[in-house]
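Undergrad: Here's a structure for you.
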Amino acid sequence: MPQATFTFPAGFLWGAATSSHQVEGNNRNNDWWAWEEQPGRIIHAHRSGLACDWWGGRWREDFDRARETGQNAHRLSVEWSRIQPAPDRWDEDALERYRAMLRGLYERGMTPMVTLHHFANPLWVAERGGWENDETPVLFAAFVQKTVEALQEYCTMWITINEPNVYTFMSYVSGLFPPGKTDLRAGMKVYANLLKGHVLAYRIIHNLQREARVGVAHASRPIIPAGPLTWLDSIPANITNSFFNEAFPKALMTGKLQVLNFSAHVPEAIGTQDFFGVNYYTQELVKFDLTRASDAFGRRFYPKDAELSTTGFIAHQPEGFFKVLKWAKGFGLPVIVTENGVEDADDHLRPRYLVEHLHQVWRAVNFNWPIKGYFHWSLVDNFEWERGWTQRFGLWGLDVDTQQRIRRPSVDLYAAICKQNGISSEMVEKYAPGSLLKLFPPA
Ligand code: BGC
């Protein structure tokens, strides 16, 4: 068997990604907490509850875990509803806690990346119409100003908005996220307002901090015509790709957010991205289906032979990751993988998923594409939105009742990769033998 190591560039960022509502616990003042209280919204009536108890201080032990296992970076989000619990009130204690968390990363030699909006809104913002309200970008900008002023001592890498496409789709098209609307018109307004909020935040951050690098975490999920009638299947594929994958990043280049016959002109958006954040989990096939008007006349599905995650949510499709990285580098910016991972409670797929996806990153790096880091989703199992606790994305498992962390084999695999800044054939043989021949084929 050939022995080799796929080495990554010096200074590559290796970390995990988390978000406030999913890990902090007791986030009672936002629209998600209220949503969880409504019957039927969350599978099995699960609740975020204490989550991973980071607000109670368990971030310390989890950051220790990350550092001890070789991670040199961490992406977390701050909770708008904690920092600004009411329109006329700032909570300095909450800001102090976030400062302590970022200092905690700093002291552990880890580079922080902070997300300013990750799906949840303060209740008072939601009550005013959320992102449908044209004032919300300005309210968000005031929150960003206050937060970045307080945290800039410890952070220079910022994500303004996590997955504007997923937020818009889930909250205003499928209705699975609050406010639960199925109203494309409202969705388009929200999409445009998220863009405006991003632009204001971008400028504010740069005014405060010259060395700042600011981006968006773009959810990227290729939709591929299934064929054999490819021309027909291309109709739903093109519509969905344009709405979901392309509209927002293109608007950051052209100043125009365009989806079908909807367009919003935001010329100030041009060039408001210092790096391209990629969230990649999987890709899908689509077939034209006349009965599915609300799905752009498409039925989406995974290839029959694809290996699926525990609940069937994600198909293992590493080749889609390479395509996405190629597309992302076309924007002419450094690329950072801001999320990638799989729900896999018993860790039977994650080791292979991890090495095969990182192999695609390594291939990309070898074309000299400027990929600067990788954040795995996630460090510890956390509250998975409308899917509650049924999906387990953590390197570490979590016993929600006892707060006990469970070390999955993937922890040691990822630690070996981070520490060596590379993937060796020995590691793959030990932790993901099923991927050995694929990654290191015999000559
Ligand atoms: C989101 C995360 C989420 C993950 C897995 C991404 O869309 O940014 O918040 O937990 O997917 O479902």
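Rule-based calculations on the coordinates, nothing more; no lab input. Everything numeric in this text was worked out from a predicted model, so none of it was measured. So basically every Cβ, Gly included, is an ideal-geometry build from the backbone, and we count neighbours across all protein chains shown.
Undergrad: Calculate the spin-label point distance for Ala10 paired with Lys304, positioning each point 7 Å from the Cα along the beta-carbon direction, and give it in nanometres.
TA: With each label point 7 Å from Cα toward Cβ, the separation is 5.2 nm.
Undergrad: Let me ask another. Please give the FRET efficiency for Ala443 paired with Leu232, using the beta carbon to beta carbon distance and R0 = 45 Å, rounded to the nearest 0.05.
TA: 0.55
Undergrad: Put +1 on the Cβ of every Lys and Arg and -1 on every Asp and Glu Cβ in the chain; which of Ser410, Ser435, Pro39 then has its Cα farthest towards the positive end of the dipole?
TA: Sorting the options by dipole projection puts first Ser435.
Undergrad: Could you work out the local net charge near Phe12, counting Lys and Arg as +1, Asp and Glu as -1, over the other residues with Cβ closer than 15 Å to its Cβ?
TA: +4
Undergrad: For Tyr106 and Arg407 in the same chain, what is the full-extension length gain: residue separation times 0.36 nm, less their Cα-Cα distance, in nm? Before the final figure, lay out each step's value.
TA: Values: separation 301, 0.36 × 301 = 108.36 nm, distance 2.41 nm.
Fully extending the segment from Tyr106 to Arg407 adds 106.0 nm.
Undergrad: So what's the gap between the Cα centers of the stretch 77-95 and the stretch 387-409, to the nearest angstrom?
TA: The distance from the Cα centre of the stretch 77-95 to that of the stretch 387-409 comes to 28 Å.
Undergrad: Starting from the Cα of Gln420, step 7 Å toward the Cβ, then list every residue of the stretch 343-372 with an amide N under 19 Å from that point.
TA: It comes to 350-366, nothing else.
Undergrad: Residues in the stretch 229-247, backbone N under 14 Å from the label point at Lys256 (7 Å along the Cα-to-beta-carbon vector): list them, ranges by number please.
TA: Within reach of a label on Lys256: 247.
Undergrad: Report, as a whole number in µm² per second, the diffusion coefficient that Stokes-Einstein gives for the stretch 265-365 at 10 °C and 1.306 mPa s using the Kirkwood radius over alpha carbon pairs.
TA: D = 102 µm²/s.
Undergrad: Could you size up the charge dipole of the stretch 12-404 around its Cα centre, putting +1 on the beta carbon of Lys and Arg and -1 on that of Asp and Glu, and report it in debye to the nearest 20?
TA: So the magnitude is around 1080 debye.
Undergrad: Sticking with this one: As an exercise, find the ratio Rg/Rh for the chain from alpha-carbon atoms, using the Kirkwood inverse-distance average for Rh.
TA: Using Cα coordinates only, the ratio equals 0.94.
Undergrad: What's the ranking of 325-334, 211-220 by average number of surrounding C-beta atoms within 10 Å, highest first?
TA: In decreasing order of mean packing, 325-334, 211-220 become 211-220, 325-334.
Undergrad: Let me ask something else. Tell me, how many Å apart are the Cα centres for the stretch 18-42 and for the stretch 254-296?
TA: 27 Å
Undergrad: Right, next: Please sort by residue number the GluC sites (Glu not before Pro) in the stretch 116-148 whose DSSP state is loop and whose Cβ has at most 10 other Cβ atoms within 10 Å.
TA: Here no loop site has a sparse enough neighbourhood.
Undergrad: Can you work out the FRET efficiency for the pair Arg60 and Glu429, with r the C-beta to C-beta distance and R0 = 30 Å, to the nearest 0.05?
TA: Numbers: r = 35 Å, r/R0 = 1.16.
That gives a FRET efficiency of 0.30.
Undergrad: Among Ala296, Ala66, Thr160, which residue has its Cα positioned farthest towards the positive end of the charge dipole of the stretch 12-404, with +1 placed on the Cβ of Lys and Arg, -1 on the Cβ of Asp and Glu, and the dipole taken about the Cα centre?
TA: Ala296
Undergrad: Once R0 is set to 25 Å, what does the formula 1/(1 + (r/R0)^6) return for the Cβ-Cβ distance between Asp93 and Glu37, expressed as a FRET efficiency to the nearest 0.05?
TA: 0.50
Undergrad: To the nearest Å, what is the center-to-center distance of the stretch 191-205 and the stretch 100-168, using C-alpha atoms only?
TA: 11 Å
Undergrad: Next question, about the same structure. With +1 assigned to the C-beta of every Lys and Arg and -1 to the C-beta of every Asp and Glu, and no other charges, what is the dipole magnitude of the stretch 18-95 about the Cα centre in debye, to the nearest 20?
TA: Here the stretch 18-95 has a charge dipole of around 220 debye.
Undergrad: Now for a different question. From the Cα trace of the stretch 190-297, what convex hull volume per residue do you get, rounded to a whole Å³?
TA: 103 Å³
Undergrad: Whole number please: convex hull volume per residue, Cα atoms of the stretch 95-250, in Å³.
TA: Dividing the Cα hull volume of the stretch 95-250 by its residue count gives 134 Å³.
Undergrad: If amide hydrogens are placed 1.01 Å from N in the peptide plane, which non-local residues have theirs closer than 5 Å to the one on Asn30?
TA: The answer is Leu123.
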